[in-house]
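Below you'll find the structure, written out as structure tokens, and then a few comments.
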Amino acid sequence: MNKKIVALLSVAAVASTMAVNVSAEEDLITVGYAQVGAESDWRTANTESFKSTFTEENGYKLIFDDAQQKQENQIKAIRNFIQQDVDYIVVAPVVETGWETVLQEAKDAGIPVILSDRMMDVADDSLYTCWVGGNFVKEGETCANWLVDKFGDEEEVNVVTIQGTIGASAQIGRTEGVDNVLKDHANFKILDQQSGEFTQAKGQEVMESFLKSYDDIDVVICENDNEAFGAIDAIKAAGKTCGPEGDICVVSFDSVKAAFEAMIAGDLNATFECNPLHGPRVAEIIQKLEAGEEVDKIQYVDEGAFDTTMDLEAILAERLY
Ligand code: AHR
């Protein structure tokens with residue numbers, strides 16, 4: 001074959017590969033995910049769930065944004081997604097309020113918004129397509145019922161709470177759920193509650209200040225596992241003990257692998273599950289919407305509860321997050 005023909009054939013081959021790539025790219029469903037941040041083990045598992053689900057092999061192009069726990073960053077990310085004309089926007093909102101304007105912008109652009117994990121508090125619920133996540137109020141109630149079972153109705157029980165990010169659904173719901181139950185058990189006294197921002201470092205800081213202010217704490221409710229890890233460090237540093245055999249009962253939410261390790265080590269009493277594996281659930285919703293099907297507006301995921309009476313080693317061996 002002469003050199004000219006070889007060159008022409010190679011140019012044609014490259015052009016056709018490019019055309020295939022361009023059309024393959026065009027076939028992908030583009031999803032913008034406005035994530036809260038990377039504040040906890042739960043959040044890392046949630047991010048991983050989205051990244052491993054929304055892959056090119058599965059037919060998606062994922063544009064991921066980490067808002068570093070700041071609502072203004074999430075609003076900026078959503079506006080960027082709108083500018084890029086994505087097919088779907090998924091948001092795990094940092095807090096519940098303040099979303100109307102940007103949701104209206106997405107609606108005007110014709111882009112469906114799916115809420116994942118935390119909720120938004122908007123008067124017009126047509127501004128988002130649906131929500132999928134944990135039942136935070138129920139998680140709080142389950143936790144408080146566990147405490148009532150453990151301590152009963154006679155003994156006086158002094159409780160402090162390390163709350164999550166104030167205004168986040170997980171904080172609002174868990175605080176409300178605990179209150180719903182404990183208000184009917186007068187022997188439980190809430191001494192104090194402060195935000196630990198769902199982080200280990202802040203959880204430790206808040207517990208250190210509680211331990212300085214109160215010498216009679218019986219229970220610390222941590223609104224996520226990472227805050228509990230910080231609280232455990234603070235309790236030990238103060239010369240006290242915690243867990244089933246210790247001075248202070250520590251309970252938390254999420255049920256990440258490290259919480260099982262803390263229970264096995266005898267430091268944590270119980271953890272109430274919040275399932276972070278939302279990627280496949282959101283993908284299922286998107287596939288239904290693509291097929292022109294209706295989706296349920298509110299979709300709760302299944303969640304359990306774990307304490308030291310269980311075979312934790314066996315559960316941990318099967319745990320996905
Ligand atoms: O919204 C879910 C909560 O957010 C999880 O409990 C926590 O770990 C995360 O930061």
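The values are calculated or read from the model by the stated rules, or taken from the named source; none is laboratory data. Not measured: the values here are computed from a predicted model. Ideal geometry is used to build each Cβ from the backbone, glycine not excepted, and the neighbour counts take in all protein chains shown. To get the accessible areas, we keep the full protein, side chains included, count just its heavy atoms, and leave off ligands, DNA and RNA. Shrake-Rupley method; radii C 1.70, N 1.55, O 1.52, S 1.80 Å.
Data overview
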read-out	value
Conditions (1) in contact (Cβ under 8 Å) with a residue 40 or more places away in the chain; (2) away from the ligand (no atom under 14 Å from the Cβ); (3) in contact with a strand residue (DSSP E or B) (Cβ under 6 Å, 6 or more places away or on another chain): number failed by A228	(2)
Hits in the range 263-298 - residues which are over 18 Å from V31 (Cα atoms) and surrounded by fewer than 17 Cβ atoms within 10 Å (Cβ to Cβ)	I264, A265, G266, E293, E294, D296, K297, I298
Search result, residues across the range 27-42 that are at pLDDT 95 or above, open to solvent by 10 Å² or more (accessible area, probe 1.4 Å) and away from the ligand (no atom under 16 Å from the Cβ)	L28, I29, T30
Members of the range 301-319 that are among the aliphatic types (A, V, I, L, M) and either open to solvent by 30 Å² or more (accessible area, probe 1.4 Å) or over 25 Å from V282 (Cβ atoms) (or both)	A305, M310, L312, A314, I315, L316, A317
Meets criteria (within 16 Å of the ligand (Cβ to nearest atom), on the phi < 0 side of the Ramachandran plot and modelled with pLDDT of 95 or more) for G167	no
Filter result (buried (at least 23 other Cβ atoms within 10 Å of the Cβ) and either within 15 Å of the ligand (Cβ to nearest atom) or of a type in the set (K, R) (or both)) within the range 246-261	V251, S252, F253, D254, S255, V256, A259
Test for E72: is it surrounded by fewer than 17 Cβ atoms within 10 Å (Cβ to Cβ) and within 22 Å of E284 (Cα to Cα)	no
Test: residue in the range 235-245 that is of a type outside the set (G, A, S), within 16 Å of the ligand (Cβ to nearest atom) and surrounded by 15 or more Cβ atoms within 10 Å (Cβ to Cβ)	no
Scope the range 273-313; condition free of Cβ contacts under 8 Å to residues at least 40 places away in the same chain, farther than 20 Å from F253 by Cα and aliphatic (A, V, I, L, M); matching residues	A291
Test: E318 is of a type in the set (D, E) and without any contact (Cβ under 8 Å) to a residue 60 or more places away in the chain	yes
When residues of the range 32-74 are limited to those that are farther than 24 Å from L103 by Cβ and acidic (D, E), the one nearest to the chain's Cα centre (by Cα)	D41
Unmet requirement for R281, which otherwise passes all of (1) within 16 Å of the ligand (Cβ to nearest atom); (2) touching a helix residue (DSSP H, G or I) at 6+ places or on another chain (Cβ under 6 Å); (3) of a type outside the set (S, T, N, Q)	(2)
Residue satisfying all of: in the range 157-172; under 12 Å from the mean Cα position of the chain (by Cα) and open to solvent by less than 10 Å² (accessible area, probe 1.4 Å); nearest to C274 (Cα to Cα) among these	A170
Flag if T101 is open to solvent by 50 Å² or more (accessible area, probe 1.4 Å) and modelled with pLDDT under 95	no
Conditions (1) open to solvent by less than 10 Å² (accessible area, probe 1.4 Å); (2) part of a helix (DSSP H, G or I); (3) aliphatic (A, V, I, L, M); (4) within 15 Å of the ligand (Cβ to nearest atom): number failed by V137	(1)
